[in-house]
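The values are calculated or read from the model by the stated rules, or taken from the named source; none is laboratory data. Small disclaimer: the values here were computed from a predicted structure and weren't measured. Neighbour counts run over all protein chains shown; Cβ positions are idealised from the backbone, glycine included. Just so you know, the surface numbers come from the protein's heavy atoms only, side chains and all, with ligands and any DNA or RNA stripped out. Shrake-Rupley method; radii C 1.70, N 1.55, O 1.52, S 1.80 Å.
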Amino acid sequence: MLRRLSFIFIAVFVYACPFAQTIIVRDAEIEEMVKEVSADSLKSYITSMISFGTRNTMSTQTNPKRGIGAARNWVLNKFNHFAATSNGRLTAFIDTTTLQPDKRRIDTALVLGNVIATLKGTDPNDNRIFVISGHLDNMRTSVMDRVGDAPGANDDASGVAAVIECARIMSKKKFAATIIFVAVSGEEQGLLGAYFMAKKARTENWNIEAVLNNDIMGSNNSNETNIIENTKVRVFSEGLPAFETEKNAKAIRQLGLENDGKSRQLARYVKETGERYVDNIDVVMIYRNDRFLRGGDHTAFVDNGYAAVRFTEMNENYYHQHQDVRIENGIQYGDLIEFIDFEYLRKNTALNLSSLANLAKAPSMPQEVKIDVKRLGNSTSLYWKAPNTGKPKGYYVMMRETTNAFWQKKFFTTDLKIVLPFSKDNYFFAVQSVGADGNESLPVVPSVGR
Ligand SMILES: [Zn+2]
């Protein structure tokens with residue numbers, strides 16, 4: 001029962017009506033899209049991806065049935081199929097770059113391609129972009145082995161399947177902001193496709209507000225235990241921002257914002273929104289950019305100044321990851337489709353979809369959010385300007401204790417300022433724009449207003 005009610009969040013109208021409460025309910029359109037996420041569709045995508053034998057980045061690009069070339073053409077065809085019924089709003093292509101041997105994990109010149117589908121936003125003034133990614137390439141025990149079979153069902157056909165399923169469902173709907181669905185390549189070779197895309201985005205000044213990277217998200221058990229865990233998923237986020245750390249360090253130290261970087265805020269947003277829409281799954285925020293000493297494609301975006309998080313299953317099974325398919329001492333090794341829990345993958349895909357939809361439907365973030373420090377006092381005064389795009393019905397001012405991981409209260413106001421009877425010494429605050437259907441923008445942490 002508690003879990004069913006988890007999407008209900010209490011907020012207080014401090015201004016107009018001190019004791020009235022409002023309940024955040026699901027946006028019916030997003031709820032409908034979440035219901036469309038299909039375990040059967042996800043299974044069919046993964047089955048198709050495995051049929052290419054190997055998707056190693058250095059595998060054949062000329063064989064129509066085998067290798068990374070055939071696999072990325074297949075993803076492009078899926079996107080183009082959805083594009084046909086999108087009224088021209090979804091467009092897809094393969095963004096390519098030529099790689100040279102790097103004396104590390106690339107030993108031959110080759111063309112690397114990211115398959116990108118862009119669902120153009122309906123508001124021509126809204127330049128926000130939200131990205132969902134997975135990596136199409138995979139590996140055997142040796143990352144240099146481009147010949148032998150490598151199913152890569154979980155790493156990372158599961159993530160690419162989530163990307164394709166979100167594109168299928170979301171391309172039929174309209175969103176104010178633009179959504180990019182991408183299946184990158186070269187992840188196992190050193191995050192090459194993700195860096196290619198993230199550097200281009202930085203150079204061309206794309207306004208990417210969030211990247212949801214999905215990598216290894218469909219298996220429900222570890223190799224050490226037989227415990228099934230399909231009601232929890234991890235979302236990794238960096239704390240101290242890697243991008244321009246030196247420049248921002250003073251304010252982070254002075255205001256105690258080491259736990260409020262934009263990737264961490266995105267992780268909180270995904271937890272709140274995802275759990276509002278998807279039953280029987282908990283988002284477990286991990287306060288770390290990635291798993292211990294390991295990496296993923298979101299890092300390329302984080303390193304280029306964007307908010308990016310990684311979705312990964314609760315327990316990884318290392319018998320099935322980066323392993324040649326074989327039986328050894330009675331143990332089945334290999335990343336086989338039989339180890340995917342499609343109901344778990346459905347829920348994890350739905351978490352992505354609900355977060356993306358809520359972001360892309362929302363007005364943009366409030367501007368110039370300030371915390372008033374003109375005089376000392378035990379209340380907190382915040383003020384801001386309206387967002388650049390969208391028509392907010394109001395704003396949520398969020399609050400949490402300094403030791404709390406999650407926002408604990410959301411105060412709604414239609415005004416551009418608020419005074420709260422809580423001391424800025426003892427709490428963190430942030431402000432979100434709220435659209436007509438209740439969709440929230442990402443939160444903005446206030447800067448100092450004198
Ligand atoms: Zn992976």
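Structure notes:
Rundown of residues vs (1) in contact with a Ser or Thr (Cβ under 7 Å, 6 or more places away or on another chain); (2) assigned to a helix (DSSP H, G or I); (3) of a type outside the set (S, T, Y); (4) open to solvent by less than 50 Å² (accessible area, probe 1.4 Å), yes/no style:
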{"residue": "S364", "(1), (2), (3), (4)": "yes, no, no, yes"}
{"residue": "Y396", "(1), (2), (3), (4)": "no, no, no, yes"}
{"residue": "N404", "(1), (2), (3), (4)": "no, no, yes, yes"}
{"residue": "S423", "(1), (2), (3), (4)": "yes, no, no, yes"}
{"residue": "A430", "(1), (2), (3), (4)": "no, no, yes, yes"}
{"residue": "V448", "(1), (2), (3), (4)": "no, no, yes, no"}
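- 3 or more residues away from the ligand (no atom under 16 Å from the Cβ) and surrounded by 24 or more Cβ atoms within 10 Å (Cβ to Cβ): qualifying helices (runs of 4 or more DSSP H) within the range 157-259: 158-170
- Verdict on Y269 being modelled with pLDDT of 95 or more, surrounded by 14 or more Cβ atoms within 10 Å (Cβ to Cβ), closer than 24 Å to K409 by Cβ and away from the ligand (no atom under 16 Å from the Cβ): yes
- Residues in the range 114-141 that are in a loop (DSSP other than H, G, I, E, B) and within 16 Å of the ligand (Cβ to nearest atom) were compared, and the one that is farthest from H322 (Cα to Cα) is L136.
- Residue within the range 60-70 that is open to solvent by 50 Å² or more (accessible area, probe 1.4 Å), charged (D, E, K, R) and outside any helix (DSSP H, G or I) present: yes
Listed here are the residues, each with its yes/no results for (1) modelled with pLDDT under 95; (2) of a type outside the set (D, E, K, R); (3) in contact with a helix residue (DSSP H, G or I) (Cβ under 9 Å, 6 or more places away or on another chain).
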site	(1), (2), (3)
R89	no, no, yes
I106	no, yes, yes
G113	no, yes, yes
T118	no, yes, no
H135	no, yes, yes
K173	no, no, yes
T178	no, yes, yes
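- Index of the failed condition, A357 passing every other in (1) open to solvent by less than 40 Å² (accessible area, probe 1.4 Å); (2) more than 21 Å from the chain's Cα centre (by Cα); (3) among the hydrophobic types (A, V, I, L, M, F, W, C): (2)
- Unmet requirement for Y383, which otherwise passes all of (1) farther than 30 Å from G159 by Cβ; (2) hydroxyl-bearing (S, T, Y); (3) open to solvent by less than 60 Å² (accessible area, probe 1.4 Å): (3)
- Of the numbered criteria (1) closer than 27 Å to K173 by Cβ; (2) loosely packed, with under 14 Cβ neighbours inside 10 Å, the one R104 fails is (1).
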